[in-house]
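Everything on this sheet refers to the single structure shown next.
Bear in mind that the values in this text are calculations on the coordinates, not laboratory data. Because the structure is predicted, anything quoted here is derived from the model rather than measured. Virtual Cβ from ideal backbone geometry, glycine too; neighbours counted across all protein chains shown.
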Amino acid sequence: MTPNRRTFLSAGAVVALVPSTGRAEPESKVAKPGQTKNTKFAVNIEMWWRKERDYLKRLEAAAALGFNAVELWPWENKDQNAVAETCERLGIKIVQFTAWGFKPGLNDPKNHNQFVEKIEKGCEVAKKWKCSMMCVVAGDDIKDVPQEKMHENVIEGLKKGAPIAQKHGITLILEPMNIRVDHKGHCLYGSAPTLKIVKEVNSKYVKILWDLYHMHITEGDLCGHLREGFAADMVGYIQLADHPGRNEPGTGEIHYPRVLKELKALEYTGYVGLECTPLGTEEAAAQAVYAADNW
C-alpha cells in the first residue's frame with residue numbers, strides 16, 4: 001500500500017522504502033538536485049526518508065540534496081523548537097504543514113469548535129516555524145448525509161476558521177483528495193466542488209491546495225483545470241506525484257515537464273510540494289525531479 005497522510009495520521013507508522021528499477025534515470029547527475037532551474041520545490045519529509053525516525057535528520061538530508069524548503073504533516077508529533085532551530089541553521093523554509101486532518105471531519109458541525117481551537121494552536125506553531133500556510137482536510141463521508149450538505153458544513157467551518165487565520169496572517173489551504181485510489185469514502189474530490197467551497201467562504205486567507213496527483217486521478221486535463229483555478233484566484237499551493245504509484249516524476253504517466261511549464265506560464269511563483277514516495281533512493285528521486293524541471 002502506498003503510504004499517505006491518512007495512514008500516517010491514524011497509525012503513525014514508519015514504512016520502509018521498497019527499491020525498484022521502474023524509473024528512467026536522468027542522463028547526468030547534478031551535485032545538488034534540489035537546486036532546480038525553473039520551479040521551487042518543497043520536499044515532503046513525511047514521505048521521503050521514511051526509514052529515518054529523527055525528523056531533524058530528515059531536514060539535514062533535505063538540505064544535503066540542495067532543497068531549501070520542506071513540507072510536513074502534523075505538528076503535534078514534533079519538537080517545535082528543535083525543528084525551528086534546525087531549519088534556521090540549515091536555511092530551510094517550512095512551506096506548509098497539516099493543521100486539520102481527516103478525522104474528526106470538518107464536514108460535521110459538531111467538530112467546528114475543535115476545528116477553531118486547532119487552527120488557533122496551529123497558527124501559533126506556524127509563526128514559530130515562520131510558515132505562512134496550513135493544510136486542512138474536509139473529512140470522510142458521513143452516513144445518510146448528502147454530499148452537498150457535507151460541503152455546506154465545510155464552508156461553515158472554514159468561515160469560522162478564516163478570521164483566526166487572517167488575524168495571524170496564515171493562509172488555510174483546503175485539499176481535495178481522490179476517491180479512486182487513495183481515499184475511498186472522502187467527501188471532497190475534484191476541482192469544481194473545491195472551487196465552489198472556497199468561493200463561498202470568500203476569504204483571501206482560504207485557498208486550495210491543488211494536488212496534481214489527486215486532480216489527475218479524479219478529473220485529468222491538469223493544465224486546463226489549473227488555468228481555471230488560477231483564473232478564479234483560488235490556488236494557494238501546488239503538490240505533485242506521478243501516477244500510478246504516487247512516486248516522483250518520470251515513474252508514471254504524467255508528463256510533468258509540460259505541467260511545470262504551465263505553472264510558469266500562469267506566473268505561479270510559490271513552491272511545489274513533493275508529496276510523493278521515492279521509488280528507490282531519495283537521491284535518485286531528487287535527480288528525477290531536477291530532470292523534470294530541466295526545460
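DSSP loop (so not H, G, I, E, B), at most 14 other Cβ within 10 Å: list which trypsin sites (Lys or Arg not before Pro) in segment 152-204 pass both filters.
Within segment 152-204, the qualifying trypsin sites (Lys or Arg not before Pro) (loop, at most 14 other Cβ atoms within 10 Å) are 180, 184, 204.
Count the DSSP beta bridges whose two residues both fall in the chain, then state the antiparallel fraction as a percent rounded to the nearest 5.
If I count the DSSP bridges inside the chain, around 5 percent turn out antiparallel.
Which FRET efficiency value, to the nearest 0.05, do you get for residue 203 and residue 37 by plugging their Cβ-Cβ distance into 1/(1 + (r/R0)^6) with R0 = 25 Å?
0.15
So which of 110/143; 196/264; 93/184 end up more than 21 Å apart, counting from Cα to Cα?
The answer is 196/264; 93/184.
Using only the alpha-carbon atoms, how far is helix 222-231 inclined from the longest principal axis of the chain? Give it as 0 to 90 degrees, nearest 10.
Taking the Cα atoms of the chain, the angle to 222-231 is about 50 degrees.
Can you give me the relative contact order of the chain as a percent, contacts being Cα pairs under 8 Å and 6 or more apart?
Relative contact order comes out at 22 percent.
Run the numbers for residue 130 and residue 89: contour at 0.36 nm per residue of separation, minus the present Cα-Cα distance, in nm.
Full extension of this stretch gives 13.4 nm more.
Using 0.36 nm times the number of residues separating residue 223 and residue 120, minus their current alpha carbon distance, what extension gain do you get?
Between residue 223 and residue 120, full extension yields 33.6 nm more.
Where in the chain lies the longest segment free of GluC sites (Glu not before Pro) that are both loop residues by DSSP (not H, G, I, E, B) and have at most 14 other Cβ atoms within 10 Å?
77-252
May I ask you to list the aspartates and glutamates whose Cα is less than 14 Å away from that of residue 130, ignoring any residue fewer than eight positions away on the same chain?
Filter leaves 71, 85, 88.
Mind pulling the angle between the C-alpha long axis of helix 80-90 and the longest principal axis of the chain? Nearest 10 degrees, somewhere in 0 to 90.
Roughly 40 degrees, rounded to the nearest 10.
Can you sort 97, 67 from fewest to most other Cβ atoms within 10 Å of each residue's own Cβ?
97, 67
When 234, 134 are ordered from fewest to most other Cβ atoms inside 10 Å of their Cβ, what list results?
234, 134
On C-alpha positions alone, give me the angle between the axis of helix 282-292 and the longest principal axis of the chain, in degrees, nearest 10.
Once rounded, the angle reads 80 degrees.
Where in segment 57-145 are there trypsin sites (Lys or Arg not before Pro) that are in a DSSP coil and have at most 10 other Cβ atoms within 10 angstrom of their Cβ?
Sparse-neighbourhood loop trypsin sites (Lys or Arg not before Pro): 143.
When the label point is put 7 Å from the Cα of residue 294 along its Cα-to-beta-carbon vector, which residues of segment 231-255 have a backbone N closer than 16 Å?
Once the point is set 7 Å along Cα→Cβ of residue 294, 249-251 turn out to lie under 16 Å by backbone N, inside segment 231-255.
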